[in-house]
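Here the structure comes first, spelled out in structure tokens, and everything after it is commentary.
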Amino acid sequence: MNLFDFFRKPPSKDVAKDRLKLVLIHDRANCSTEILEMLKNDIIQVISKYVDIDNEQLDIQISQSPTPGSKESVSTLCANIPIKNIRKVTS
Amino acid sequence: MGEVIVITSGKGGVGKTTNSANIGTGLALAGKSVVLIDADIGLRNLDVVMGLENRIVYDLVDVVEGNCRYKQALIKDKRYPNLCLLPAAQTKDKDVVSPEQMQKLCEMLKEEFDYVIIDCPAGIEQGFRNAIAGADRAIVVTTPEVSAVRDADRIIGLLEANELNNPMLILNRLRLDMVKRGDMMTIDDVKEILAIDILGVVPDDEVVVISTNRGEPAVTNLNSRAGQAFYNIVHRIMGENIPIANFDDNNKFISKIKKMFRIGA
């Protein structure tokens, strides 16, 4: 490896591999954007009972993350939910 | 009792027909009796790849519809002993054949032949379901490209849903120069993504185009890298343990030595 390799883009085959891995998670889960959208709406409804969340900024996606202590990676559902205000539950 | 093997891929143009022709011919050269079935009704091609296009009288649809006995439709390849082709119909609709009819045909043919090799059409519709209906095992062909690998994954899922478990993979048209530059996925990359056993790797070799031009499968030319790759695939199908050549060798010193002795490809 020479010095200039540091500034180069990653090899295209690694880009291909990463993109494929992600697309296959969706394919295998048979998880269409439609289903993901429904899931997102349900999550918003449930969480909104307890906290005020920023619906616009909410982001949900399926990705791969490594399992601790192993090379294997698992599919995870990542939800990024910005909270505006914690609501006090009135019972 | 023979074995029915379907050769499939999902995506078109990755080399199903070429692989079918070479595997069928290779098995025949190894002394097995083989029948090749072109299941791509409406778009027949295996006949022309095999160089048998001038000898078609009856086809798969004629057999299934009972217009002739199956033996009348089989074209005997005069060059190789024990090799027959059952061509696809060119003019008829693919929906005239049902999975049950294909299954029955395969049962009949495997009584008589050691291997029944089915060239599956591209796609996942009726033609695919017909082609896999009578199969005992499946071979998935892919190239190291994102679209082909994605479709291969889909096909593997569909095969397993149809109880064709543990399909094996042929990685076709691998370009060593691109692999060395890091611009093409390697055998290990594809294996990792698809989580499937590799049956063989066929390097991108102009011999395949030349031999297809002539209607003589590349496996008959063992001096070519592709011919050698097909030979290895055929013998692995027959149960021999031939290690997969390592094409991922990045060690320049070793590759140079290998080049000097022309090994490892």
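Applying the selection to the range B:43-67, what residues are farther than 18 Å from B:Lys94 by Cβ, in a helix (DSSP H, G or I) and more than 18 Å from the chain's Cα centre (by Cα)?
B:Glu53, B:Asn54, B:Arg55
Look through B:Val57, B:Val6, B:Val61, B:Val34 and report the one residue that is surrounded by 24 or more Cβ atoms within 10 Å (Cβ to Cβ), out of contact with any Gly (no Cβ under 7 Å at 6 or more places or on another chain) and of a type in the set (A, V, I, L, M, F, W, C).
Answer to the selection: B:Val6.
Could you please find all residues in the range B:166-192 being among the aliphatic types (A, V, I, L, M) and either touching a Pro at 6+ places or on another chain (Cβ under 9 Å) or in contact (Cβ under 8 Å) with a residue 60 or more places away in the chain (or both)?
Listed by number, the residues that qualify are B:Ile170, B:Leu171, B:Leu174, B:Leu176, B:Met178, B:Val179, B:Met184, B:Met185, B:Ile187, B:Val190.
Which of the numbered conditions does B:Glu240 fail, given that it passes all the others? Conditions: (1) away from every other protein chain (no Cβ under 14 Å); (2) closer than 23 Å to B:Thr17 by Cβ.
Result: B:Glu240 fails condition (2) only.
Taking the condition of being in a loop (DSSP other than H, G, I, E, B) and more than 22 Å from B:Ala21 (Cβ to Cβ), how many residues in the range B:68-99 meet it?
Counting residues in the range B:68-99 that are in a loop (DSSP other than H, G, I, E, B) and more than 22 Å from B:Ala21 (Cβ to Cβ) gives 6.
Which one of A:Ser32, A:Ser75 is in contact with a helix residue (DSSP H, G or I) (Cβ under 7 Å, 6 or more places away or on another chain) and either surrounded by 10 or more Cβ atoms within 10 Å (Cβ to Cβ) or at pLDDT 80 or above (or both)?
After applying the criteria, what remains is A:Ser75.
Among the residues of the range B:117-165, write down those that are within 24 Å of B:Thr25 (Cβ to Cβ) and polar (S, T, N, Q).
Of everything in the range B:117-165, those that are within 24 Å of B:Thr25 (Cβ to Cβ) and polar (S, T, N, Q) turn out to be B:Asn130, B:Thr142, B:Thr143.
Based on this model, can you work out whether B:Leu158 counts as without any contact (Cβ under 8 Å) to a residue 40 or more places away in the chain and out of contact with any Asp or Glu (no Cβ under 8 Å at 6 or more places or on another chain)?
yes
Restricting the search to the range B:90-109, which residues are closer than 23 Å to B:Val49 by Cβ and at pLDDT 95 or above?
If the condition is that a residue be closer than 23 Å to B:Val49 by Cβ and at pLDDT 95 or above, then B:Met102, B:Leu105, B:Cys106, B:Leu109 are the ones that fit.
Results for (1) in contact (Cβ under 8 Å) with a residue 60 or more places away in the chain; (2) in contact with a Cys (Cβ under 8 Å, 6 or more places away or on another chain), shown as yes or no for each residue.
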{"position": "B:Gly15", "(1), (2)": "yes, no"}
{"position": "B:Ala21", "(1), (2)": "yes, no"}
{"position": "B:Lys32", "(1), (2)": "yes, no"}
{"position": "B:Asp40", "(1), (2)": "yes, yes"}
{"position": "B:Tyr58", "(1), (2)": "no, yes"}
{"position": "B:Cys84", "(1), (2)": "no, no"}
{"position": "B:Ala88", "(1), (2)": "no, no"}
{"position": "B:Val97", "(1), (2)": "no, no"}
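I'd like to verify a number: residues in the range B:70-111 that are in contact with a Pro (Cβ under 8 Å, 6 or more places away or on another chain) and hydrophobic (A, V, I, L, M, F, W, C), how many?
So the count comes out to 2.
Can you work out which of the residues in the range A:12-52 that are more than 15 Å from A:Ser63 (Cα to Cα), of a type in the set (A, V, I, L, M) and away from every other protein chain (no Cβ under 14 Å) is farthest from the chain's Cα centre (by Cα)?
Once the filter is applied, the top-ranked residue is A:Val51.
The values are calculated or read from the model by the stated rules, or taken from the named source; none is laboratory data. It should be emphasised that the depicted structure is a prediction, and the values quoted were computed from it without experimental measurement. Using ideal geometry, Cβ is built from the backbone for each residue, glycine included, and neighbour counts are taken over all protein chains shown.
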